[in-house]
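Okay, so here's the structure we're looking at.
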Amino acid sequence: NDQHLALAPSRGRQNFRLDVFTNRYLDTVDRTFQLPFFSEPGDQASWRNYDVNETGGTLSDDFNTGLNNEFGYGFSYLNTSYYFLKNAQLRGSPYITEEGAFLRDVFHPVSSPLSVYTNINLRNSSATNTSYVNPRMSVVYDATPNDVFRVSEGGTTTQPAGNEIGVQYTESQLGGAGGGAPINCSGTNSIGTAPSSILKPEQGVDTEFSYGHRFFGDSQV
């Protein structure tokens, strides 16, 4: 369920754009399909519902700084609310917000088949209460009117999934004969599940190479 509205006015060399959107994703996993028609020892009905609602927007301004260059900046906002249910019982409902700003530049000399795209994203997420910067650069080569090559590299940051947020520490009792799991003296022993408050975003560097070809009309690969 996805709604999207865009407003894109232009004034002189400037191009403004406002994008707002809202969407809902609902997934149901049902483990009751065979009941009550077939019954086996140990059968137990179970179903899960995952409900995700997102609302956000982006406001940007791009303008030509000359025949060979375009520069832009903008701001973005996103809020996501989750509802995790098992057998109609609420198991978690975390609410996450993410806001950011970005700068981007395109250098494309009129007489050259090469173009350079750069952008920097500065973001803050309540999922882990962290701020981070993701830069990226792409070089595009128009080899022929129908062939294009692209090389890109940049930083990427991924926040924990919604069902990992709002999880408390759960102790695993150790004790052997006195109760709990036996202690393993030659290996590791679990003392419990970690709380989500210690989670951090996963960060890395992406490198991409791509090629595109247009055959005729709107047929391309």
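The values are calculated or read from the model by the stated rules, or taken from the named source; none is laboratory data. All values derive from a computational prediction rather than experimental measurement. Glycine also receives a Cβ, built like all others from the backbone with ideal geometry; neighbour counts cover every protein chain displayed. Areas reflect the complete protein model, heavy atoms only, side chains present, ligands, DNA and RNA absent. Shrake-Rupley method; radii C 1.70, N 1.55, O 1.52, S 1.80 Å.
Are any residues in segment 106-131 in a loop (DSSP other than H, G, I, E, B) and under 15 Å from the mean Cα position of the chain (by Cα), and if so, which ones? Spell out the reasoning first.
Initial filter on segment 106-131 (in a loop (DSSP other than H, G, I, E, B)): 108-113, 126-129.
126, 127, 128, listed by residue number.
For residue 127, the conditions (1) without any contact (Cβ under 8 Å) to a residue 40 or more places away in the chain; (2) small (Gly, Ala, Ser); (3) open to solvent by less than 70 Å² (accessible area, probe 1.4 Å) are fulfilled apart from (1).
For residues in segment 106-124 being of a type in the set (A, V, I, L, M, F, W, C) and open to solvent by less than 60 Å² (accessible area, probe 1.4 Å), which is nearest to residue 16 (Cα to Cα)? Working first, answer last.
Keep residues of segment 106-124 that are of a type in the set (A, V, I, L, M, F, W, C), which gives 106-107, 110, 114, 116, 120, 122.
If we keep only those that are open to solvent by less than 60 Å² (accessible area, probe 1.4 Å) as well, we get 106, 116.
Numbers: 106: 16, 116: 22 Å.
So, considering only residues that are of a type in the set (A, V, I, L, M, F, W, C) and open to solvent by less than 60 Å² (accessible area, probe 1.4 Å), the one nearest to residue 16 (Cα to Cα) is 106.
Quickly run through segment 101-122 and pick out the residues that are of a type outside the set (Ser, Thr, Tyr), more than 27 Å from residue 217 (Cβ to Cβ) and at pLDDT 95 or above. Correct list: 101, 102, 103, 104, 105, 107, 116, 119, 120, 121, 122. If you go through segment 91-105 and keep only what is buried (at least 17 other Cβ atoms within 10 Å of the Cβ), in contact (Cβ under 8 Å) with a residue 60 or more places away in the chain and part of a strand (DSSP E or B), you end up with just 96. State whether one or more residues within segment 79-86 are under 25 Å from the mean Cα position of the chain (by Cα), surrounded by 13 or more Cβ atoms within 10 Å (Cβ to Cβ) and within 19 Å of residue 157 (Cα to Cα). Among the residues of segment 79-86, at least one is under 25 Å from the mean Cα position of the chain (by Cα), surrounded by 13 or more Cβ atoms within 10 Å (Cβ to Cβ) and within 19 Å of residue 157 (Cα to Cα), which makes the answer yes. If you check 65, 55 for being open to solvent by 30 Å² or more (accessible area, probe 1.4 Å), modelled with pLDDT under 90 and in a strand (DSSP E or B), only one passes: 65. Among the residues of segment 132-174, those that are open to solvent by 40 Å² or more (accessible area, probe 1.4 Å) and not in a strand (DSSP E or B) comprise 145, 146, 161, 163, 164, 166, 167, 168, 169, 172, 173.
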